[in-house]
Each structure stands twice: as C-alpha cells, then as structure tokens.
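What follows is a set of notes on a single structure, which appears directly below.
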Amino acid sequence: MSIPDPAAHPPSLPVPLRAGDLFARSGLPEVLAEYLGEDEIARVRQAYEFGAEAHKGQRRLSGEPYITHPLAVAKILAGMHMNAECIQAAILHDVIEDTPIPKEEIAARFGHEVADLVDGVSKLTQIRFESHMEEQAENFRKMLLATVQDIRVIIIKLADRLHNMRTLGSMPPHKRRRIARETLEIYAPIANRLGMNTLRVELEDLGFAVSHPMRYRVLAAAVKKARGNRKEVVARIREAIAQRLEQEGLQARVQGREKHLYSIYEKMRSKRLSFSEVFDVYAFRIIVDSVDACYRALGVVHNLYKPVPGKFKDYIAIPKANGYQSLHTVLFGPYSLPIEVQIRSEDMEKVAEVGVAAHWLYKLGDSDYAHSKTQKRIREWMRGLLELQKNAGNSLDFLENVKIDLFPDEVYVFTPKGQIMELPRGATAVDFAYAVHTDVGNTCVAAKIDRQLAPLSSPLQNGQSVEIITAPGARPNPSWLNFVVTAKARATIRNYLKNLKREESIALGQRLLEQALRGYALTLADLEARSASLLAEFNTRSLDDLFEDIGLGNRLAPLVARRLEELIAGERGRHPRRPRAIREVFSRYMPAWLGGSRPSPRPLAIKGTEGMVVTFAKCCHPIPGDPIQGFVSAGRGIVIHTESCKNIKEFRKHPEKWVSVQWESDIEEDFPVEIRVYVVNQRGVLATVAAAISEMDINIDNVVIEEHDSKYSTIDFTVAVRDRVHLARLMRHIRNIDMVVRISRKKG
Ligand code: MN
C-alpha cells in the first residue's frame with residue numbers, strides 16, 4: 001500500500017461541504033417552492049442549518065452525513081404539501097433523541113408548534129415494539145396513536161419510517177428483517193387507517209421485499225411476465241374508454257392500474273387464490289375534474305361496456321372510513337374480460353393518495369388561528385366519518401383507533417415482559433397491578449415506572465413500562481381507594497379490607513373477651529359450651545360474629561362476661577358472683593387517675609400491627625414508651641391515647657369503655673409523632689432542621705411553618721419514630737442546631 005501523492009491526486013472529498021450544499025442538493029427547496037412562500041422556505045432552511053450543526057459529525061450506516069436522512073424525510077412530507085412547521089419539525093425530528101439539544105431550545109428558536117412536533121416524534125421513537133403477537137401489534141398501533149396530540153407527529157413518523165425502509169440496505173440482515181416486520185405490522189396499517197395510500201403501498205412493498213425476499217422475487221417475475229402479455233389489451237381498452245369520454249366532452253385522465261406486489265401476495269394468501277386469479281383483472285382509473293363529472297363518466301363507461309350487476313359501489317355518497325371517495329364498477333370488457341373501473345375527481349384522488357395529510361393541502365397562513373382551524377377541520381372530518389360509520393354500519397376499525405387521539409380516554413403501558421396493557425386514563429400503578437393479577441395488586445408495595453421507583457399513586461402515561469414490586473404478606477392499603485380508577489382495583493381492595501377488618505375484629509374481640517372473663521375466673525371454653533343460648537340472646541349468628549361485634553366496639557366485653565356468669569350461676573342454682581371484686585374488675589378498665597387501682601397486671605398488649613381495629617389517636621400521637629389507655633369506640637375498635645392526653649377527660653363519663661393496654665416489648669413499627677421547633681428566622685433554617693432529621697434516617701410526614709414575628713417562627717414536624725428513646729435522640733440532635741431556640745413534643 002502506498003500513500004497517494006497529493007499533488008498527483010488532488011483530494012476529492014476532504015473539502016468540507018458548506019452548510020447549504022446538502023440542503024440544495026437534497027432537492028427539497030424545489031419541492032417547497034411549489035407551495036411555500038420565500039420567507040417560509042427561508043425558515044425551513046434555518047431549521048436545516050440548525051439541524052446540520054446539531055448532527056455534525058454523525059453519520060448514517062451508509063456513511064453519509066446524518067442530516068441527509070432528516071432532509072429526505074422532509075422532502076417526502078413536502079411532497080404531501082405539509083406546512084412549513086411540519087417540514088421544520090421533520091428536519092429536526094432526531095435532534096432531541098440523538099443530540100444534547102433540549103426541547104426548550106427548539107421552542108425558543110422555532111416556536112412551540114415545531115418543538116411539540118419534534119418532542120412528539122421523539123416520544124414515539126422511545127416506544128419499542130417487541131412482542132410479535134398480532135393482538136399486541138393492534139395495541140401497539142393504538143398506543144402510538146394515543147400518544148400523539150397532533151396527528152402530524154404520526155405523519156412525520158411514517159415519513160421517517162419510509163425513508164429508513166428505502167435505505168435499509170446498510171443494516172445488518174437480522175435488523176433489516178425486524179424493521180421490515182415492524183413496518184408491515186405497525187406502520188403500514190396506520191398509514192392505511194389514515195388513508196395515506198401512496199405511502200402505505202411503498203411501505204408494504206419495501207417491507208415485503210425484506211421480510212420474504214424469495215416470495216417477493218418470484219412474484220415480481222410473475223407480474224413482469226404477465227404484464228408483458230397483457231400490455232396490448234390494456235392499451236386497447238384504455239384507448240377505447242378515453243376516446244368515448246372525449247366524444248362525450250369529458251375532460252379525463254384514464255390510467256391502467258395494477259395491484260402492488262404485497263397486496264397480490266396478501267390476497268393469494270388470505271383468500272387462497274392462484275396468482276392468475278388475483279392478477280388477471282384489468283383495472284382502470286378515470287380521473288375527472290368534478291363530482292358531477294364522475295357520475296357522467298360512469299354513464300359513459302356503462303354505455304361502452306355492459307356493467308356486471310351488483311358490482312357498482314358509490315363511495316362518493318358514502319365515503320370509506322378513511323375518507324376515501326370514488327365510484328367503483330365492474331364491466332364486461334372485450335373477449336368477456338372483467339374490467340374494474342374507479343372513477344373519481346382530482347380532489348378525491350389527492351385524498352386517496354395522501355389521506356389525512358390532504359388537510360394540509362389547503363394553503364393556510366401560519367397563524368395560530370389558521371393552525372387551529374386546520375386541526376378543527378380534521379377533527380370535524382373524523383367526527384363526520386364517525387357519523388357515516390354509524391349509518392353505513394361498516395367496520396369501525398379505523399375510527400376506533402383514531403378516536404383515541406380525539407377523545408383520549410385510555411392509556412397503554414408495557415409490562416416488564418413487553419406485553420401491552422390497556423387501562424383507563426388516570427389509572428395508577430395500583431390499577432396496573434390489579435389488572436395484571438389480583439394477587440399482584442394485593443401484595444404490591446412499590447412500583448418502578450420506566451425503571452425508576454415511583455409512588456404507587458402516580459398516574460400512568462402512554463408508553464411507560466411498569467414493574468410492580470410485591471412483598472409476601474403485604475396487603476392493600478385503605479388509602480389506595482383515594483386514587484385507583486379501575487372498577488376491578490376498587491372492588492378487590494374494598495372486599496379485601498372488609499374481610500381483613502373482620503378477621504382483625506374477631507381476633508381483637510376474642511382477646512378482649514378473654515380478658516374480661518378472667519375477672520370471673522371463666523374461660524372461652526365456658527363461653528363456647530353455652531354459645532347456643534348466648535348467641536340467641538345477643539341475636540348473633542356465630543361466635544365469630546360476637547367477637548367481631550366486641551372487637552368493633554359495638555358490644556362491650558365486660559357485659560358479655562357478666563351475662564355468661566349469670567347464666568352459669570343459674571345452671572348451678574347459685575347467685576351470680578360479683579366480679580372478683582367490683583373495684584378490681586373496674587380497675588382493669590379504668591385509668592388510675594379515675595379512681596381505679598393500678599392497672600391490672602395483664603393489660604392488653606399493643607403491637608401497632610393489629611390493623612384497622614386498633615388505631616392511634618391523632619390528638620396525642622402515642623409512641624412506644626408512653627403510658628397509654630385504650631378507649632372502645634363503636635364501629636372503630638380501640639383507639640389508643642396517651643395517659644396525658646387532654647381528650648381523655650372527655651371520656652370520664654364512660655369508664656366501662658376504657659381498656660387497659662400496654663405496649664408489647666418488641667415493636668418494630670414506626671409511629672408518627674409531632675414535634676414543635678422554635679427557630680430564629682434565617683435563610684435555610686427549614687432545610688437545616690429537615691436535613692438533621694433525615695440524617696437520623698427518620699421520615700418527615702408533614703411540616704407546618706408559622707411565623708410569629710420578624711425574628712422567630714415555629715415549625716411543626718410530624719415524624720415517624722420507633723419509641724420515646726428514639727424521639728429523645730432526635731430532639732437532642734435538633735437542639736444542637738444554632739438556629740433552634742427550643743424544641744418540644746406536641747401533645748393533644
Ligand atoms: Mn429518523
């Protein structure tokens with residue numbers, strides 16, 4: 001190998017291209033000049049210069065500068081006469097995804113319309129399609145459509161895909177096949193729904209060629225051969241039709257028509273037809289200048305060749321779901337060949353080619369008003385179609401899907417395995433969990449959304465991937481009912497909590513009753529032996545129901561215990577015993593300061609995990625280590641207060657409702673408690689105190705700040721601590737901060 005002599009071989013490439021060269025060479029300016037003004041073309045050029053700079057140094061697999069790709073995409077869209085903003089967005093469509101430039105910068109330079117479009121395309125690009133199941137493909141199409149606010153995002157994406165398909169050659173084979181399959185499964189059907197036929201046909205043939213190269217080649221050869229054989233016949237019929245139209249004074253273009261390869265293939269496959277059965281149809285298109293002329297042309301051809309009965313279709317009066325309009329008829333041609341004829345106006349031809357994109361063909365100014373008018377017209381167009389669909393009773397397929405864009409009431413998200421779930425808008429991770437499986441919902445403790453931990457209550461967005469983290473033994477939280485939106489989640493949580501509350505009430509009721517029975521030296525066995533008569537007397541169906549009643553506070557344990565004692569006394573012919581000593585029994589249910597003796601040696605042990613039937617009073621926030629008292633509250637079970645809570649005095653009148661309780665020794669829960677911190681007003685004081693709390697690994701549940709004067713404020717924190725020792729350590733830690741004047745625990 002020798003180093004070339006630069007003098008002998010002048011360098012051909014290293015001269016850097018001027019920024020404008022690729023723009024001019026792309027052929028885009030010429031296409032734009034057909035329908036845009038000079039100032040609009042200048043703005044498109046600015047987008048090009050910005051994009052070229054952003055993608056500088058990046059190359060496509062083919063080795064070309066990257067910017068050639070967005071330019072080609074823009075040119076496809078210019079062919080559909082999309083407006084200047086859409087063309088700018090097409091040129092910038094990979095900038096957010098592939099360069100460090102943020103959406104805000106695009107908005108600042110080119111306005112929000114362009115920035116929103118680019119952002120929309122980037123979001124679509126991030127959604128990856130992995131499953132190959134057909135129903136999943138359908139959901140994926142829905143998801144793509146549901147993700148976009150502006151239908152032009154989809155149109156840009158389709159043009160992007162078309163150019164990628166045209167230049168697929170540089171890709172490694174396995175990637176090529178994947179992209180081709182995705183094109184056939186996802187993008188071509190979307191183009192079809194939007195009525196963008198020219199684009200769809202090209203996507204399908206390119207996709208077919210790559211996904212089934214052998215079949216494509218065989219079929220292409222067969223078409224070529226058949227075409228040669230029929231060339232003369234086609235020319236003769238075309239000529240005959242054109243002549244007759246001219247004689248009748250109709251301005252018309254007459255074209256011979258051929259099915260594209262993929263549609264031949266699909267027809268052969270789905271209807272099990274031979275190649276000649278599909279291909280040996282002579283088809284023509286007549287394009288005239290008005291609706292009126294369509295019907296006149298129909299009369300002319302029906303006069304020329306006899307129509308096949310029952311084959312005439314008027315898609316002008318009743319357009320197809322994607323906006324397609326034409327007259328269709330079938331004729332008996334020469335040599336009794338069947339001839340298919342489509343008749344349409346130039347406008348209809350345009351819609352048949354570019355579908356929904358035709359709505360940008362009307363030249364509008366670039367004001368917001370004009371833009372919103374275009375959007376409005378599209379919406380009206382689609383709504384109109386919806387009406388038509390209802391009346392015509394055709395397949396709702398297209399509208400079912402475009403509707404999502406117009407009436408966004410669903411979201412589509414991925415499971416970790418790449419399945420797509422459809423949920424109502426506003427659905428949260430908990431809804432998702434229940435949609436996956438009831439057990440997943442019941443045991444979920446956290447969620448990862450797009451691989452980031454997120455609150456279970458976060459509403460899900462289209463295209464997110466959601467993973468639910470479950471823990472054995474975890475159970476639904478009543479607060480979920482505040483944010484779930486699906487009926488399944490709501491019903492399952494409610495039902496679970498109902499059962500749970502019952503279980504917990506039964507367990508608590510049984511403990512309370514055992515404790516009361518001890519005052520009479522009785523046991524649960526004594527109760528069970530006489531359950532029949534007791535249950536009848538209390539009008540309950542089972543012992544569990546009785547326990548539940550007690551646990552919920554609807555019935556008092558001491559009274560049930562006394563009734564049992566009376567019953568037993570009656571059986572044995574003796575007077576019922578007074579409880580072991582009335583004073584003693586009462587003392588079990590009465591705090592010392594109410595005149596009882598010291599609490600009984602075996603009070604009810606509280607663990608903090610009893611569930612919904614034992615709650616901790618919000619007025620005094622008891623924590624382990626505090627002397628506590630329980631108060632039975634009808635329907636709610638036991639509420640725990642601190643002995644020093646001032647609300648306790650309110651309950652003096654009902655000593656029978658007091659339950660002696662004490663903390664279990666090994667408690668692992670955290671309990672909320674309120675502390676009040678007096679601080680000097682100074683910048684950052686809240687942050688400093690909050691940081692001190694976090695340093696101790698303590699969660700802050702709530703903060704309330706109150707400014708007293710220019711010098712001092714109080715900050716009330718609700719924090720979660722394990723016990724009094726833990727709280728004391730926290731308070732010492734906070735007291736050490738200079739700006740803190742005083743700190744105290746808040747009590748009811
Ligand atoms: Mn691209």
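The values are calculated or read from the model by the stated rules, or taken from the named source; none is laboratory data. Note that the structure is predicted; figures quoted are calculated from it, not measured. Using ideal geometry, Cβ is built from the backbone for each residue, glycine included, and neighbour counts are taken over all protein chains shown.
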Taking the options R25, R60, R109, name whichever one is farther than 23 Å from L168 by Cα and among the basic types (K, R).
R109
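Every residue, every condition in (1) modelled with pLDDT under 65; (2) out of contact with any Gly (no Cβ under 6 Å at 6 or more places or on another chain); (3) among the acidic types (D, E); (4) farther than 22 Å from E182 by Cβ, yes or no:
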| position | (1), (2), (3), (4) |
| --- | --- |
| I96 | no, yes, no, no |
| P100 | no, yes, no, yes |
| R109 | no, yes, no, yes |
| E113 | no, yes, yes, yes |
| S122 | no, yes, no, no |
| F129 | yes, yes, no, no |
| K142 | yes, yes, no, no |
| A146 | yes, yes, no, no |
Are any residues in the stretch 669-697 in contact (Cβ under 8 Å) with a residue 24 or more places away in the chain and among the basic types (K, R), and if so, which ones?
R676
Across the stretch 417-443, the tally of residues that are in a loop (DSSP other than H, G, I, E, B) and under 18 Å from I493 (Cα atoms) stands at 4
Before we move on, is K350 modelled with pLDDT of 85 or more and of a type in the set (K, R)?
no
Test: A525 is assigned to a helix (DSSP H, G or I), without any contact (Cβ under 8 Å) to a residue 12 or more places away in the chain and not assigned by TED's automatic domain parsing to the domain that holds I420:
yes
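Pick out the one residue from R215, R193 that is modelled with pLDDT under 90 and more than 16 Å from the ligand (Cβ to nearest atom).
Details: R215 fails: modelled with pLDDT under 90.
It is R193.
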Please verify whether the stretch 472-479 includes one or more residues that are outside any loop (DSSP other than H, G, I, E, B), in the same structural domain as D439 (by TED's automatic domain parsing) and closer than 23 Å to V614 by Cα.
yes
Considering the stretch 506-515 alone, what residues qualify as being buried (at least 24 other Cβ atoms within 10 Å of the Cβ) and either of a type in the set (G, A, S) or farther than 16 Å from P603 by Cβ (or both)?
G509
Give just the number: which of (1) away from the ligand (no atom under 11 Å from the Cβ); (2) closer than 20 Å to Q461 by Cα does S122 not satisfy?
(1)
If you scan the stretch 264-288, which residues turn out to be touching a residue at least 12 places away in the same chain (Cβ under 8 Å) and aliphatic (A, V, I, L, M)?
I264, V278, V281, A283, I286, I287, V288
Screening K157, K225, K175 for residues that are within 16 Å of the ligand (Cβ to nearest atom), part of a helix (DSSP H, G or I), among the basic types (K, R) and surrounded by fewer than 17 Cβ atoms within 10 Å (Cβ to Cβ) leaves only K175
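Tally time: how many residues in the stretch 446-471 are in a loop (DSSP other than H, G, I, E, B) and in contact (Cβ under 8 Å) with a residue 24 or more places away in the chain? Spell out how you get there, then give the answer.
From the stretch 446-471, those in a loop (DSSP other than H, G, I, E, B) are 450-451, 455-458, 460-464, 471; that's our starting set.
With in contact (Cβ under 8 Å) with a residue 24 or more places away in the chain added as a condition, the list becomes 455-458, 460-464, 471.
Number of matching residues: 10.
For the stretch 698-728, which residues satisfy the criterion of being assigned to a strand (DSSP E or B) and in contact (Cβ under 8 Å) with a residue 40 or more places away in the chain?
Looking only at the stretch 698-728, we keep the residues that are assigned to a strand (DSSP E or B), and these are 700-707, 712-721.
Selection gives D716, F717, T718, V719, A720, V721.
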For the stretch 247-325, which helices (runs of 4 or more DSSP H) that fit wholly inside it have 3 or more residues that are surrounded by fewer than 15 Cβ atoms within 10 Å (Cβ to Cβ)?
261-271, 291-304
The helices (runs of 4 or more DSSP H) lying entirely within the stretch 37-116 that contain at least 2 residues which are within 15 Å of the ligand (Cβ to nearest atom) are 38-54, 68-79, 84-91, 95-98
